[in-house]
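Everything below concerns the one structure shown next.
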Amino acid sequence: MRREKPDSWWIGAEQNINCELSVSTKEATGLLYIVMIRVFPFHYKLTKTSTYHIKILKQRAASVTNSRFKMAKSKFEYVKTFEQDDSCLQNCWIVVRVDGKAFHKFADVHGFVKPNDLRALNLMNRAATLVMEEFRDICLAYGQSDEYSFVLRKDTIFYNRRASKLMTTINSLFTSAYVFNWTSYFGPIQLQYPPAFDGRVVLYPTDKNLRDYLSWRQADVHVNNLYNTAFWGLVLKKGLSNTQAEERLRGTVAADKNELLFTEFGLNYNNESIMYRKGTILLRKLCKHPVDGKLRQVVVPFFSDMIAEAFWKEHPEVLGMKSLQIHVKQHEVNNEHSTNMETNKSDDINKSSNRTEELSKTSIRPADIPK
């Protein structure tokens, strides 16, 4: 019997098998029929009884699947070689910091209260809390003004420690959470344009390096807030222009600004809200629910001095990567259906700073300063 010779269509089918078949030989055997029917249905109908073609297809499929293919192959797959490995160094603390882009303009357009807008700060805290709830490898977050730093455990394998994945995922979730919760804090004030946050990833090899980084960011809060409190006092209460206020404060030190606030405005800076002066620290704690008494993992806000040694002794689970501590002094936990009720109250901005400092250690509300 004369053997049938492969015609021109077979060459196309053979090349198509190289593109279509995956790692499983069993799948390859099944797919070869699909390839012929889908790509060359007319020819397949004419030659489906050709044992010669079927035999060659099976042999070719088996040879193709002997290679280590992780996904469907194509001639374009070589472009993957252009990707760079950006895995973070092992045994290092990973800090992802997000920072508002052009937030001076954003604050002016949306009428933020000067020098501090409690609604805006609570919204930042809420967005950061949602990020921590989503990514459990974040052991601490610290926020102030329009920035937030997220500290990932040094042994994390989240996204294989790829810097680009970590930064873009955290940044995008934070930004979307900020927009999503906007109306809960600003009510009828609509967003005039989408806010944007830039991001970066920094590695810190030692515990001391990480503590120094967080101390640096907290010291920055004090410097900036003291200046802004004095600056906006001169502008809003004394009627000075921005340029005149800058000139008045040029060359002054912290003691001079404190004196100015007290003599000019009768304001003791130490009585300002502790969140304005220290920023917000978010930690994971175990808290008993008042209804069922079960321990639940909650993101708790603290307004403490991270520069001092006492903070790290009080929360050893952060650097020690130990089990979460039970938060002994608890505040009533709202159930899941009423967690946002406190957020929506319009008198948030009038909360007492002393009451804030007292309850910041006891409340387990994730984002807001408790009443």
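Here are the numbers for this structure:
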item: Spin-label proximity, residue 323 to the range 125-151 - amide N less than 11 Å from point 7 Å beyond Cα toward beta carbon; result: none
item: Whole-number D in µm²/s for the range 170-310 (Stokes-Einstein; Kirkwood sum over Cα pairs; 37 °C, 0.692 mPa s); result: 173 µm²/s
item: Protein-only accessible surface order, largest first, of 202, 253, 151, 291 at 1.4 Å; result: 291, 253, 202, 151
item: Packing-based order for 129-140, 276-287, using average beta carbon neighbours within 10 Å, highest first; result: 276-287, 129-140
item: Segments 168-176, 232-240, 87-95 sorted - mean Cβ within 10 Å per residue, highest first; result: 168-176, 87-95, 232-240
item: Cα-Cα pairs of the range 207-265 separated by more than 15 Å (percent); result: 54 percent
item: FRET E, pair residue 265, residue 305, Förster distance 30 Å, beta-carbon r, rounded to 0.05; result: 0.75
item: Gain in span if fully extended, residue 183 to residue 133, counting 0.36 nm per residue against the direct Cα distance; result: 15.9 nm
item: Over 21 Å (Cα to Cα) - which of 80/165; 257/278; 154/294; 101/238; 165/208 fall in this group; result: 154/294; 101/238; 165/208
item: Normalised contact order of the range 99-219, rounded percent, pairs of Cα under 8 Å and 6 or more residues apart; result: 32 percent
item: Taking the convex hull of Cα positions in the range 93-276, its mean projected area over all directions (nm²); result: 11.8 nm²
item: Set of the range 190-222 residues, backbone N closer than 18 Å to the point 7 Å along the Cα-Cβ line of residue 113; result: 190
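The values are calculated or read from the model by the stated rules, or taken from the named source; none is laboratory data. Worth saying up front: this structure is predicted, and the values here are computed from it rather than measured. As a convention, Cβ positions derive from the backbone with ideal geometry for all residues, glycine included, and neighbour counts pool all protein chains shown. For the accessible areas, the whole protein counts, side chains as well, though only heavy atoms, and no ligand, DNA or RNA atoms are used. Shrake-Rupley method; radii C 1.70, N 1.55, O 1.52, S 1.80 Å.
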